[in-house]
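Data first, discussion second: the structure below is written as structure tokens.
The values are calculated or read from the model by the stated rules, or taken from the named source; none is laboratory data. Since we're looking at a predicted model, the values are computed, not measured. Methodologically, a virtual Cβ is constructed for each residue, glycine included, from the backbone with ideal geometry; neighbour enumeration extends over all protein chains shown.
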Amino acid sequence: MELQHVNVKIFVEGDLSVDPEQFINIFHSWTAEQSCDELLIDVADYRHVPAGPGVVLVGLQADYAMDQAQSRWGLLYNRKAPTEGSNADRFLQAFRAAATACTRLESELPGLKFSRQEFQLFINDRALAPNIPETLASCQADIATFLQSLLGHGNATFAAEPDPRRRFGVLVQTGSNFDLAQFASTA
Amino acid sequence: MKASNGLWKDRLDSQLAAQLAEEIDTFETEIELRQQDKVDEKVFAETRLRRGTYGQRYDNGQRHDGSQSQTLAFEEKYTKGPHTVWDAPGMQRIKIPYGGVNAEQLEAMADLAEEYSDGIVHITTRQDFQLHFIHIEDTPALMRRLAAVGITTREACGNSVRNICGCPFAGVCPDEAFDVTPYAHALTHFLLGHPDAQNFGRKFKPSFSGCAQHACGLAGMHDMGLIAETRDVDGQQKRGFRLVVGGGLGAVPRQAKLFDEFLPPEELLPIAQAIARVFGRHGEKKMRSRARMKFLIEKWGMEKFTEEVRKERATLKEDPRWTDYLAHVDEGSESAKQPPGELPEDAGNDPRYTHWLRTNLREQRQAGYVTVTVALPLGDLTADQTRSLADIVRQFTNDTVRTTVEQNFVIRWVSKADIPALYAALDAAGLSQPGASNILDIVTCPGTDTCKLGISSSRGLTAELRNRLAEKSFQMDQAIQNLHIKVSGCFNSCGQHHVADIGFYGVSRTFQGFKVPHFQVVLGGQWEENGGSYGLPIVAIPSKRVPDALDRITEMYLARREKDERFVAFVKRVGKGPIREVLDDLTSNAPTPEQDPNFYSDWSDPRQYSLGDIGKGECAGEVVTQYEFEMAGAERMVFGAQLQLEGGNPAQAGKDAYEAMLRSAKALVQMQYDDVSNDPEEIVEEFKERFYDTEIFFDPFAGPKFADYFFAIHDRADTPATEDTAHHTIEEAQLFVEAVHSCYNRLRSEPAAT
Ligand code: SF4
């Protein structure tokens, strides 16, 4: 099963301690500088919608968002363009992009901190990855390979999204801290 | 763009209605042909528009970052239309006839919003859905998934019959003459793809209302507005429609005019067909800005239009579809899932809940049932909320819900006994916002967020006003709570600002050499009676000061209103002059960019404000002082014209509006030719030669439209204006003044602020 359109959401640690309006300013400056790997197009403000996409930096190949889905703030990387390689490679690409954005945000917004132990990984495509047990079964090994390369050990746990109407994905808990900054710098 | 696009075709084709499947296959082929450059870009643009696939801001590959225009590095390949980059994301409009949707369709919308868009389902002011940031190559898969749940995007945009609007309370409203749903349904299916409705110069918008007094269907501002009525004919109650035609908002709003006082249902479809044929044959085709039906009616007059349509009707070949559906109209479009009930007495004393009970519920004409309005901020809801709404609709109703022209949902047939449980379910989904249809429930178009024509951030302003109003909504006087606010990002009026109590539309002004986003304040409009009267702009306020302007207007209304006086009556009695006076100081005393850079950016957008995203700048000479002086004078004169009209002097109003146009044209001419005199002929001639013939004045999107208004008014300058023509002249003069500002802005280089 080839999985494309990988999404990674790295949660904010604790409550959000900065004014979300600042994400608008930062995302606009990233767009002006074109400072991500993807072509950046615009910033969409959805702060008015409860538990919504928050502030979205819309790109061509991927979107970045400070997302508030399910009432949890986090940096969401949404890969839109297909990428080469194995499923584990694609998980890694998405995680690196998300980690890079997180470290940049942390450095630009003192007080903002992202979790080093918990993130979500999901596939934004119901045709490629319907949220059924068979999907999990078929890509469990790919997820394990990805986590091994991320953490250097196999102690992480992951639980599949239980609601079959929501997209297929897993909530990953790593047990020990991963080094977000070091990870990002290898991007 | 999506790796799965091909999979959806394999998976769904056998489930789709044959015609829908074929239409989508054809569209997919057209996309491929365009990629091979075998279809002209203009033809392709109209083709995709007719499938609801629309352009979006920055799709010309340019974006102003606050200090300069940036070229977005899209891969250079074929285009989607003139100046439209292939890979640039666009908008997909999804038409929802009379706003009727079911739970399965909501679930499909939720999935599509997540997978192809940015996770938001948006409801428009014509009851459609819209998804933004869509890639053109994903649209066939998206359309197949919609078709699988019975939705077509065919003719959602382009020069076609657009979504047929209808009262969301149809069938359950105590005030309606009868349920218009089956008629709206029949007309939708009759006109969809009808060969007589394919040759328009512009769009054709129909709408149904169940009564004359409410605004739910806004029939009076449509090309074809149908208002249900019953009459006693020979001792029998008969149904019919008051048919009005040629209405529309846009830059030049027109109230629809009476075509037939009581059109029998058997004539509904054939008359619609005849109107479509007459409009298709005789409507303007070359000049887009004069191509709506309202202009054909203006040119011909109602008498000739009616005569031509009647003649056309007489030639039509009988079609069984005209009347087949009538045998079923009484079968009832929807029914209740739960038995009728009463609201439990121990409703609790949560003030938010009681507020919601007061503002979001309406009694149905069927005892024991209510409708519940789900008020959406800015017409947006998330994919998760959309799925929750689907669950709620399944649990409490027979699987139906409707969108509204106020960008909300209405859940119908809710047993009163279920109200507390329904509220709890909505609340859990973040959908229990009180204040439906009142001051908090502000209607807004997309504006500069996504629209290519946006001048100011209508959504940004709306979000800001909502935040401020929400804070004080509990203490607000009922008279203030009852106000309707509507915001458009430009004069095109997609936010329907003309029919609000207080409307705003985006314009720009220059202070100290820098552009500043502004909103015109529009007063005198009426939401009731199907958008019974249209307001006029009284003054342009800097965007960041609009909340203060709103406070001042509402405070003045509270302080000076007479008992139970409605806002529209208050404006009429007090007059626009005194209202403008309380706002006047907001238009001057601008801080410098160093003192307050915020003043020079728009809501929710930190970039230094510019018009760079809607037009290209180039350098010209500096005549700022003289220009600003002249333009301030021209704006004063347009406002003076309004006061003349209010004072019952339309002839003078028309004259003043014309003078304002002359003065602003002169201001522009003076940029190149200082010695131009005050002779109107000379001003017009110089303006024509320097700005019209050279196309310098042409709006990037509207072309010569605004100059044409000027020339037309100049040609009839000697004819005294009537009340009707003075109103139009004032509107056109205001637009011309705005166009002069835009032209001036384009001609000036844009200095950078701090
Ligand atoms: S009113 Fe103007 S800005 Fe708003 S959607 Fe319409 S054209 Fe765009």
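Here are the numbers:
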item	result
Qualifying positions in the range B:372-429 - polar (S, T, N, Q) and closer than 22 Å to B:Cys216 by Cβ	B:Thr373, B:Thr397, B:Asn398, B:Thr400, B:Thr403, B:Thr404, B:Gln407, B:Asn408
Filter pass, B:Ala702 being of a type outside the set (S, T, N, Q) and over 14 Å from B:Tyr658 (Cβ atoms)	yes
Residues of the range B:12-68 satisfying the condition of being among the hydroxyl-bearing types (Ser, Thr, Tyr) and under 21 Å from B:Ala141 (Cα atoms)	B:Ser14, B:Thr26, B:Thr29, B:Thr47, B:Thr53, B:Tyr54
Residues satisfying the stated conditions in the range B:77-110, i.e. touching a His at 6+ places or on another chain (Cβ under 8 Å) and among the hydroxyl-bearing types (Ser, Thr, Tyr)	B:Tyr98
Subset of the range B:413-442 [touching a strand residue (DSSP E or B) at 6+ places or on another chain (Cβ under 7 Å) and within 14 Å of chain A (Cβ to nearest Cβ)]	B:Leu426, B:Leu431, B:Ile442
Subset of the range B:509-537 [among the polar types (S, T, N, Q) and within 16 Å of the ligand (Cβ to nearest atom)]	B:Gln520
Subset of the range A:121-132 [away from chain B (no Cβ under 14 Å) and surrounded by 19 or more Cβ atoms within 10 Å (Cβ to Cβ)]	A:Leu121
Flag if B:Met109 is over 20 Å from B:Asp613 (Cβ atoms) and surrounded by 23 or more Cβ atoms within 10 Å (Cβ to Cβ)	yes
Hey, B:Asp548 away from the ligand (no atom under 16 Å from the Cβ), under 24 Å from the mean Cα position of the chain (by Cα) and within 17 Å of B:Ile439 (Cα to Cα) or not	no
Helices (runs of 4 or more DSSP H) contained in the range B:654-754 and holding at least 3 residues small (Gly, Ala, Ser)	B:723-747
Number of positions in the range B:66-120 that are of a type in the set (Gly, Ala, Ser), closer than 19 Å to A:Tyr64 by Cα and more than 8 Å from every other protein chain (Cβ to nearest Cβ)	3
Wholly within the range B:393-491, strands (runs of 3 or more DSSP E) carrying at least 2 residues that are within 16 Å of the ligand (Cβ to nearest atom)	B:485-488
Failed item, numbered, when B:Gly506 is tested on (1) at pLDDT 95 or above; (2) more than 7 Å from the ligand (Cβ to nearest atom)	(2)
Of the criteria (1) within 14 Å of chain B (Cβ to nearest Cβ); (2) free of Cβ contacts under 8 Å to residues at least 12 places away in the same chain; (3) among the small types (Gly, Ala, Ser), which one A:Ser107 fails	(1)
Members of the range B:361-379 found to be more than 17 Å from B:Phe396 (Cβ to Cβ) and away from chain A (no Cβ under 14 Å), listed by number	B:Arg365, B:Ala367
One residue from B:Asp346, B:Asp350, B:Asp330, B:Asp384 being of a type in the set (Asp, Glu) and in contact (Cβ under 8 Å) with a residue 24 or more places away in the chain	B:Asp384
Of the criteria (1) in contact (Cβ under 8 Å) with a residue 24 or more places away in the chain; (2) at the interface with chain B (Cβ under 7 Å from one of its Cβ atoms), which one A:Glu21 fails	(2)
Failed criterion for B:Phe567 (all others in (1) at pLDDT below 90; (2) more than 14 Å from every other protein chain (Cβ to nearest Cβ) hold)	(1)
